[in-house]
Amino acid sequence: EDLCLPDTPDATSISSAKKIDLTSKTQREFLCKTYRRSLKFIHFWLETFVFPNETTIYSHKLKTSAWHLTAPNGHCVGFSGTNDLHLLLPLQVKQLPLPDEHLKATNGHMLEKLLHRARYEQLTESMHWKSLLSFAMSKGASCLIDSGAILAGIDMSKICKVVLKKYSAIVFYDRKKHAWMLRNNQGCVWKLHQAPIREQDAFVIFDEAHCRGSDMKLKSDAMAVLTLGTGMTKDKIMQAAGRMRKLKTQEIVVVAGQDVHDQIVIRNNIQCDTSIEILHVINWVMMNTIDAARSGLHAWAMNGSHFCETY
């Protein structure tokens, strides 16, 4: 097909598609100059490559949800440390009652520990990752539980550089290596289970993804800084606080930026001259939990209806 080339000496080098060499800088510059404003070329590109892929319409849409995963003919067993959103489980999922009377009081025990072993502080500076780390280090914290995802997207090497100015070692989760790592202030890095330094002698960072299920052996008098995020629910803060395995003697400082601080003030109807306490934070997360359950009912009903129609 006609390549619509101008009548110039340079055009002879690409007079046929077989002569085009995209590794040639001269040819690339000539092609760009020739075709960048060619409507015929643009139309050809759109009709041949763009529209067939981007405008494809399918007669049916495949959709699955938790209802399909727990279909009656399947075998599904799970465990959850919290039961706040059990109302949003598919109907075929039954939450079994705990046989141990002591375990039934877990929620209450955790709330009681937070009330007695946690305190709230608002960051005076903006909730920037550097100011957060500076705050934690100034308090002599042993770990940072980032359930509010303040460190999300920050290169861990930058975080290590800041922390290792004061601490001799830092423990963090490396997503590329899929392992907990320990780095000391000499630049040496080990997998945690192979390191000559234990986690109780280092500064530990729990990123948001590892505020659940991660287990670190910290000192019995360790203090942690726990961050709050917008709309945080009770299960999330409880799981985050649960990283402190000895909360009877350990301590948590709960911190928030201005936006979350304002949410706590509004939801608790706090007057200007009233200081915020941990009880206000718990009230706030309880109300967020109720809101989350209420807002999730629509999706729960829609997914249930779709499952009944398609299963």
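The values are calculated or read from the model by the stated rules, or taken from the named source; none is laboratory data. Values in this document were obtained by computation on a predicted structure and should not be read as measured data. Here the Cβ is made from the backbone with ideal geometry for all residues, glycine too, and neighbour counts use every protein chain on show. Note: areas computed on protein heavy atoms with side chains; ligands, DNA, RNA excluded. Shrake-Rupley method; radii C 1.70, N 1.55, O 1.52, S 1.80 Å.
Structure notes:
- Reachable aspartates and glutamates, given that their alpha-carbon falls under 13 Å from the alpha-carbon of K33 and they are not under 8 places away in the same chain: D10
- Maximal additional length on extending the T230-V93 stretch stands at 46.4 nm, based on 0.36 nm per residue less the C-alpha distance.
- Cross-link reach is defined here as a Cα-Cα straight distance under 25 Å, omitting same-chain residues fewer than 8 places apart; for K40 the lysines meeting it are K18, K19, K25.
- Taking the protein heavy atoms of the range 101-181 in the context of the full set of protein chains, the accessible area attributed to carbon and sulfur is 53 percent at 1.4 Å.
- Looking at the range 151-296, the accessible area is 51 square angstrom per residue; that uses a 1.4 Å probe and ignores ligands, DNA and RNA.
- Unit charges at the beta carbon, dipole of the range 164-231: most positive-side option, P196, A209, T227: P196
- Based on the reciprocal of the average 1/r between different C-alpha atoms, the Kirkwood radius for the range 149-286 equals 16.5 Å.
- The range 23-86-the range 167-239 distance, computed between alpha-carbon centres (Å): 36 Å
- Heavy-atom SASA rank of R294, R183 (probe 1.4 Å, accessible area, largest first): R294, R183
- Relative to the longest principal axis of the Cα atoms of the chain, the long axis of helix 129-138 lies at roughly 30 degrees.
- Among G187, V254, A141 the positive-end extreme of the charge dipole of the chain (Cβ point charges): G187
- Basic side chains Lys and Arg get +1 at the Cβ, acidic Asp and Glu get -1 at the Cβ, and with that the dipole of the chain about its Cα centre reaches some 920 debye.
- Anisotropy class of the range 64-124 from Cα gyration tensor, a/c 1.5 cut: oblate
- When Rg and Dmax are taken over the Cα atoms of the range 18-165, they come to 29.2, 81 Å.
- Per residue, the accessible area of the range 84-147 comes to 61 Å² when a 1.4 Å probe rolls over the protein heavy atoms.
- Based on DSSP H segments of at least four residues, each scored -39500 (n - 2.57), the chain has a per-residue ellipticity at 222 nm of -10500 deg cm²/dmol.
- The count of lysine pairs in the range 111-201 whose Cα atoms are under 22 Å apart, excluding pairs fewer than 8 places apart on the same chain, comes to 21.
- Charge dipole of the chain about the Cα centre (unit charges at C-beta), most positive-ward option of A292, L46, I150: I150
- Paramagnetic reach from N283 (point 7 Å along Cα→Cβ, amide N under 20 Å) across the range 237-261: 237-238, 254-261
- Within the range 71-165: Cβ-based charge dipole about Cα centre, in debye rounded to nearest 20 (Lys, Arg +1; Asp, Glu -1): 340 debye
- Listed candidates (1) 24, 38, 26, 12, 0; (2) 20, 30, 14, 9, 8, 7, 6, 5, 0; (3) 26, 38, 22, 11, 2, 0 - label of the one calculated as P(r) over Cα pairs in 20 Å bins from 0, in percent: (1)
- Efficiency of FRET from Cβ geometry, L69 and R294, R₀ 30 Å, rounded to 0.05: 0.80
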